[in-house]
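What follows draws every value from the coordinates through simple rules; no lab data is involved. Here the structure is a predicted model, which means the values were calculated and not measured. Using ideal geometry, Cβ is built from the backbone for each residue, glycine included, and neighbour counts are taken over all protein chains shown.
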Amino acid sequence: MPTLSLKETVSADEWQLRCDLAACYRLVAAYGWSDLVFTHISARIPGPEHHFLINPYGLMFDEITASSLVKIDQDCNKLSASPYPVNPAGFTIHSCIHQGRADAGCVLHTHTRAGIAVSAQKCGVLPISQQSTFVLGSLAYHNYEGVALHEEEKPRLQADLGTANYLMLRNHGLLTVGKTIPDAFLAMYTFENTCRIQIDAQAGGELTLVNPHIVARIAGVMKVATAGLGAALAWPALLRKLDRLDPSYKT
């Protein structure tokens with residue numbers, strides 16, 4: 001559904017955040033991680049108000065634009081006009097993570113086939129690939145408590161996540177936390193590939209495990225590998241990819 005552009009009615013910082021978040025939704029769709037209209041990616045708007053941007057519930061991820069994103073408060077009340085609702089059940093997980101982590105600028109949650117498959121395995125993520133070493137350096141687990149509808153689950157989710165940036169929701173899916181939208185996206189790209197590689201490798205015979213000392217040193221290695229830029233190294237190229245496919249996410 002076409003939406004009037006908000007570019008001239010919001011701050012420059014909010015507009016940039018909207019463009020990046022819309023790009024993230026489009027990239028999630030492009031890489032095949034979306035689950036129809038379900039799951040969410042939320043981003044905190046800078047400022048003391050604790051406002052967030054999230055998807056209009058009912059749009060496919062490849063339909064989302066900067067202007068169609070909905071501004072909400074910590075209780076998932078809509079603060080901007082939209083013909084679409086916001087799924088409060090879906091924001092339960094996001095709200096408690098934003099609330100408990102001051103550094104959580106973006107929270108990205110997926111229900112991919114490989115992610116759910118590994119989340120159902122007792123072993124969790126195995127140290128069998130280079131990708132897995134990045135994840136294992138900051139990985140936490142949260143046991144499944146049913147569809148995330150209940151306020152009483154929030155403290156347990158916050159405690160399980162702690163300071164980790166990768167969270168495996170048992171029997172449910174994957175979640176990443178980033179200071180920025182590019183950080184959360186790159187983390188999910190790594191997390192998803194870790195799970196895909198693990199499922200493929202388990203079908204092929206006996207596994208070779210990575211030395212634990214390598215995993216312990218991975219944080220410094222990742223910084224060097226990305227020239228100290230982290231996700232900012234790849235994000236401009238990803239935006240150029242989107243611009244070639246369909247630049248309408250910026251409207």
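Residues whose amide H lies under 5 Å from that of residue 79, counting only those 5 or more places away or on a different chain, are 71, 72, 73; hydrogens are built 1.01 Å from N in the peptide plane. About the centre of its Cα atoms, segment 12-250 shows a dipole size close to 480 debye [charges on the beta carbon of Lys, Arg (+1) and Asp, Glu (-1) only; nearest 20 debye].
Taking every lysine pair in segment 12-250 that is 8 or more places apart or spans two chains, those with Cα atoms closer than 22 Å amount to 9. In order along segment 156-164, the phi-based Karplus estimate (6.51 cos²θ - 1.76 cosθ + 1.60, θ = phi - 60°) of 3J(HN,Hα) comes to 5, 5, 4, 5, 5, 5, x, 9, 6 Hz; Gly and Pro are listed as x.
Quick check on the chain: what does the Kirkwood estimate of hydrodynamic radius come out to from the alpha carbon pairs, in Å? Present the calculation step by step, with values, prior to reporting the outcome.
Values: mean 1/r = 0.0539 Å⁻¹.
That comes to 18.6 Å for the chain.
Across segment 191-206, rounded Karplus estimates of 3J(HN,Hα) from the backbone phi angles (6.51 cos²θ - 1.76 cosθ + 1.60, θ = phi - 60°) give 4, 4, 5, 4, 5, 5, 4, 4, 4, 5, 5, 5, 7, x, x, 5 Hz, Gly and Pro being marked x.
In segment 1-54, which GluC sites (Glu not before Pro) are in a loop and have at most 15 other Cβ atoms within 10 Å, using DSSP for the loop call? Can you show the working numbers first?
Numbers: sites: 8, 14, 49; in loops: 8, 49.
In loop regions of segment 1-54 (DSSP not H, G, I, E or B), the sparsely surrounded GluC sites (Glu not before Pro) are 8, 49.
The phi-based Karplus calculation (6.51 cos²θ - 1.76 cosθ + 1.60; θ = phi - 60°) puts the 3J(HN,Hα) values of segment 210-218 at 6, 4, x, 5, 5, 4, 5, 9, 6 Hz, whole numbers, x for Gly and Pro.
Would you please give the FRET efficiency between residue 73 and residue 113, computed as 1/(1 + (r/R0)^6) with r the Cβ-Cβ distance and R0 = 45 Å, to the nearest 0.05?
On the way: r = 34 Å, r/R0 = 0.75.
Using R0 = 45 Å, I get an efficiency of 0.85.
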